[in-house]
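Some notes on the structure that comes next.
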Amino acid sequence: MWIHRRFWQVEAAAKAAGLVVVSSAVGHDFAGNPTTRFTLGLAGDQAKTEVLELTDKFDFSRKDLLDDVTVYLAESAKRLKNPRPDCYLTLHGLLPLSFGKFEWPFHRSTSGADTFLVHGEVRLEDGTESILHAKIAASMTVTFAEIVKAPEQPFAEGFIYNAVRKTMDQGQLELVKSGNRQPVPVTTRYYSPWKKQFSFNDTTEAQRLEYVAAKAFWLSGVLGGGQPVWLLDPRDAQYLNTTVAELKKTAEALAGEGVIRLAADTEFATPTEALMGHRTKYVEEVAQQLAFIKPSFNEDMRGGHTNM
């Protein structure tokens, strides 16, 4: 009965966001407690899907939680229109990465540490057959957990992905051919209690112009076969310490300079031939960033983190 009620609740919320529940299956969390894994797709195009995993403890009757899930699903619907909805870009080195194999929800550390963990994986997506990746264990402190409304995917996925990108920016994650999990600490340094908002990277207008252009290059031009990519993703706005409105201005400026072409709805864009002509520059930047993160990675960590 619980599974049927949960299905109807998710189905209704998904429908309101322009999504459909393609399928659902019983899963389990790190401790073996039951979860439900919903495969969601666009109402008009189910070729691309994403998985939403919720525990049986999630309370859909709480309006504040449902409101946030509604926002999460609405953003997911736009992200699923991307040619590669799983891909994001780092600020430093402009590394194109895919995020996958995340095991929701958070679980308590088995090492005795007073933290909550979620496991996942990021992979380099540079248009080659690269096998470079990083298995990660994002650890959320108890103090930080008090900020999060619920330790569930819709409430944490965005800032966890941004914390992974920030850790990569700092040279504290290494992309390897094989290896054990690497730590991604998520602490209150990423959140301002006064502003009640997350903070990852202070960026200038020039940096945002470079970032958005690179996003169009990699996610549309290289990985997306020239299909439009969403440039006004709130996750990027949070990661760059800016707003969606500022990202829109950035996109319009790039379009005015002939760097990108805005789609009809102006939130999506494709790269121009002029931008794609800078492939050598972008490939070199990726190589430089890979060189940067390798020597700066703490060698003592290479033994792995089996207790995470």
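Assorted remarks:
- Taking strands (runs of 3 or more DSSP E) as the structural unit, those lying wholly within the range 101-218 and holding at least 3 residues that are touching a Gly at 6+ places or on another chain (Cβ under 9 Å) and surrounded by fewer than 22 Cβ atoms within 10 Å (Cβ to Cβ) correspond to 115-124, 133-141.
- Filter pass, residue 93 being surrounded by fewer than 17 Cβ atoms within 10 Å (Cβ to Cβ) and closer than 26 Å to residue 170 by Cα: no
- Pairs with Cβ under 8 Å, 6+ apart, first in the range 29-41 and of a type in the set (D, E, K, R), second surrounded by fewer than 15 Cβ atoms within 10 Å (Cβ to Cβ): 37/25; 37/26
- Members of the range 94-109 that are farther than 30 Å from residue 126 by Cβ and not hydroxyl-bearing (Ser, Thr, Tyr): 105, 106, 107, 108
- Close pairs (7 angstrom Cβ cut-off, 6 or more residues apart or separate chains): touching a residue at least 24 places away in the same chain (Cβ under 8 Å) and buried (at least 16 other Cβ atoms within 10 Å of the Cβ) in the range 57-74, in a helix (DSSP H, G or I) and not hydrophobic (A, V, I, L, M, F, W, C) anywhere: 60/9; 68/154; 69/154; 72/154
- Only listed residue being closer than 29 Å to residue 78 by Cα and modelled with pLDDT under 95, chosen from 264, 274, 269: 264
- Test: residue in the range 120-130 that is more than 14 Å from the chain's Cα centre (by Cα) and hydrophobic (A, V, I, L, M, F, W, C): no
- Residue count, the range 44-79 (criterion: of a type in the set (Gly, Ala, Ser) and within 17 Å of residue 99 (Cβ to Cβ)): 1
- Taking first residues from the range 92-115 that are closer than 30 Å to residue 207 by Cα and touching a residue at least 24 places away in the same chain (Cβ under 8 Å) and partners that are among the β-branched types (Val, Ile, Thr) and assigned to a loop (DSSP other than H, G, I, E, B), the Cβ contacts under 9 Å between residues at least 6 apart in sequence or on separate chains come to 96/90; 97/90.
- A single member of 98, 139 is farther than 23 Å from residue 47 by Cα and either at pLDDT 95 or above or of a type in the set (Ser, Thr, Tyr) (or both), and it is 139.
- Residue match in the range 142-150 (condition: in contact with a Ser or Thr (Cβ under 7 Å, 6 or more places away or on another chain), of a type outside the set (A, V, I, L, M, F, W, C) and within 23 Å of residue 76 (Cβ to Cβ)): no
- Residue match in the range 236-255 (condition: of a type in the set (A, V, I, L, M), over 21 Å from residue 86 (Cβ atoms) and touching a residue at least 40 places away in the same chain (Cβ under 8 Å)): yes
- Residue within the range 8-15 that is closer than 18 Å to residue 79 by Cα, surrounded by 13 or more Cβ atoms within 10 Å (Cβ to Cβ) and acidic (Asp, Glu) present: no
The values are calculated or read from the model by the stated rules, or taken from the named source; none is laboratory data. Quick caveat, the model's predicted, so the values are computed rather than measured. With ideal geometry, Cβ positions are generated from the backbone for all residues, glycine too; neighbour counts draw on all protein chains shown.
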